[in-house]
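To start, the structure under review is shown below, and the notes come after it.
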Ligand code: DHB
């Protein structure tokens with residue numbers, strides 16, 4: 001099967017949609033397969049939405065249909081397959097039925113591209129796994145190339161693609177941002193028949209990027225060291241019915257001892273990065289997890305608390321925050337972690353029984369679950385195999401930061417997010433800044449694991465950089 005990559009611009013529907021008191025009118029171009037030889041046409045396709053005003057020759061915020069940035073928002077979660085999404089109520093449980101980011105982006109006048117991508121759950125008819133790493137990012141790159149290939153057939157400027165995503169999708173957005181045109185993906189793209197175009201994006205918006213997975217176990221222990229009770233609340237939507245369950249308990253003595261070891265290893269990792277804060281101070285850690293890197297991360301939480309205080313929040317019930325004359329002057333990060341609570345037991349990502357979504361992400365076509373750290377492999381209780389380190393590196397935005405990072409990043413990680421350590425996004429922000437690119441990084445106060453919030457601020461940032 002070979003599919004034409006030429007976008008059929010005459011096949012569309014004009015739709016009107018009212019949500020949240022806002023009415024939008026737009027052209028919907030849906031189900032466009034973006035590779036010539038799809039292996040999973042259900043996911044290897046995108047939807048494109050364009051505000052109708054551009055076809056009437058109007059401008060929005062000074063943009064014409066040819067200059068307007070393309071809001072390229074993936075819907076990947078938990079490294080499962082991401083659907084080519086549509087503007088409407090969000091399917092994310094944490095959004096509680098509120099309109100999704102695609103809707104607000106259209107309302108704000110952007111062209112919206114919603115790419116699907118394969119994820120760890122896809123199999124072919126022989127039961128082989130089609131969506132293990134690096135399938136997700138290969139597909140998203142193919143979608144970017146498809147938009148470039150069709151620059152004369154679509155509205156929106158393919159040189160102003162703003163990638164967006166949340167959690168696993170935030171990690172993929174970060175990866176699109178840092179790995180543009182890397183030759184390591186070329187064989188995969190070629191095999192799928194992706195367009196022969198560039199795949200760099202202009203900017204990346206990353207909500208809670210669950211990234212840098214091979215260092216996430218250590219970072220998690222550094223964050224939640226000493227918090228030995230864990231609670232994971234699972235809500236599953238089964239045919240419209242929400243089924244709740246809990247995984248909770250206390251870490252064993254062995255896990256607590258391993259936590260000490262991982263904290264020390266995290267210090268080695270951070271010290272090896274050679275990062276600096278904005279004032280040029282070296283970001284380092286001692287074996288016990290204290291040091292200037294800890295102060296640097298604490299600074300983001302303090303800035304967040306300060307902003308909340310300035311906006312009228314009452315912090316008096318939080319004795320681990322010191323406020324003097326309206327200024328947040330100190331914050332105990334360990335106490336904050338106890339307050340936030342631990343979600344995942346050790347090891348949070350590369351699990352010894354291969355039980356995490358990430359173990360499945362790093363499987364192969366024939367081996368469903370694999371380890372992706374030497375540490376995990378050494379502790380395996382199921383004699384698991386170790387993933388190819390080159391494939392693990394391909395999924396990590398950090399791999400490409402020095403060489404090919406795009407110029408603009410916006411990263412958000414809520415102070416109550418427990419799905420990964422706040423250190424992960426803080427490291428990413430510092431590594432990016434070192435290369436001289438622009439990074440807007442903040443930790444919104446009391447925000448749990450979530451994305452596509454404060455969209456007006458995101459859109460203002462996009463207009464500023466475009
Ligand atoms: C996501 C959440 C996780 O806890 C994780 O380990 C990976 C991905 C997510 O929400 O996408």
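The values are calculated or read from the model by the stated rules, or taken from the named source; none is laboratory data. Given the structure is predicted, the values throughout are model-derived calculations rather than measurements. Heads up, the Cβs are rebuilt from the backbone with ideal geometry, glycines too, and the neighbour counts pull from every protein chain shown.
Any residue in the range 19-27 that is exposed (fewer than 14 other Cβ atoms within 10 Å of the Cβ), touching a strand residue (DSSP E or B) at 6+ places or on another chain (Cβ under 9 Å), free of Cβ contacts under 8 Å to residues at least 12 places away in the same chain and not in a strand (DSSP E or B)? Looking through the range 19-27, none of the residues is exposed (fewer than 14 other Cβ atoms within 10 Å of the Cβ), touching a strand residue (DSSP E or B) at 6+ places or on another chain (Cβ under 9 Å), free of Cβ contacts under 8 Å to residues at least 12 places away in the same chain and not in a strand (DSSP E or B).
Within the range 101-129, take every residue that is more than 28 Å from residue 61 (Cα to Cα) and under 21 Å from the mean Cα position of the chain (by Cα) and give me the one that is surrounded by the most Cβ atoms within 10 Å (Cβ to Cβ). Going through the qualifying residues, I end up with 117.
Among the conditions (1) part of a loop (DSSP other than H, G, I, E, B); (2) within 21 Å of the chain's Cα centre (by Cα); (3) at pLDDT 95 or above, the only one that residue 144 does not satisfy is (1). If the condition is being surrounded by fewer than 15 Cβ atoms within 10 Å (Cβ to Cβ) and either modelled with pLDDT under 95 or in a strand (DSSP E or B) (or both), then the range 323-354 contributes 324, 327, 329, 330. Selection over the range 260-308 of residues that are loosely packed, with under 15 Cβ neighbours inside 10 Å, under 20 Å from residue 436 (Cα atoms) and modelled with pLDDT of 95 or more gives a count of 4. Taking the numbered list (1) within 15 Å of the ligand (Cβ to nearest atom); (2) part of a helix (DSSP H, G or I); (3) modelled with pLDDT of 95 or more in turn, residue 94 passes all entries but (3). A single entry from 386, 361, 416 fulfils the requirement of being surrounded by fewer than 21 Cβ atoms within 10 Å (Cβ to Cβ), within 16 Å of the ligand (Cβ to nearest atom), at negative phi and at pLDDT 95 or above: 416. In the set (1) in contact (Cβ under 8 Å) with a residue 60 or more places away in the chain; (2) out of contact with any helix residue (DSSP H, G or I) (no Cβ under 7 Å at 6 or more places or on another chain); (3) assigned to a strand (DSSP E or B), the condition left unmet by residue 220 is number (3). Of all residues in the range 34-63, those satisfying the criterion of being closer than 19 Å to residue 136 by Cβ, crowded, with 23+ Cβ neighbours inside 10 Å and in contact with a strand residue (DSSP E or B) (Cβ under 7 Å, 6 or more places away or on another chain) are 34, 43, 44, 45, 46. Here residue 93 clears all of (1) under 17 Å from the mean Cα position of the chain (by Cα); (2) buried (at least 19 other Cβ atoms within 10 Å of the Cβ); (3) more than 30 Å from residue 364 (Cβ to Cβ) except the condition numbered (2). The combined condition, being at pLDDT 95 or above, loosely packed, with under 14 Cβ neighbours inside 10 Å and in a helix (DSSP H, G or I), is not fulfilled by residue 312. Checked against (1) over 13 Å from residue 107 (Cα atoms); (2) assigned to a loop (DSSP other than H, G, I, E, B); (3) in contact with a strand residue (DSSP E or B) (Cβ under 9 Å, 6 or more places away or on another chain), residue 87 meets all criteria but (1). Restricting the range 364-379 to residues that are part of a loop (DSSP other than H, G, I, E, B) and away from the ligand (no atom under 15 Å from the Cβ) leaves a set whose member that is surrounded by the most Cβ atoms within 10 Å (Cβ to Cβ) is 370.
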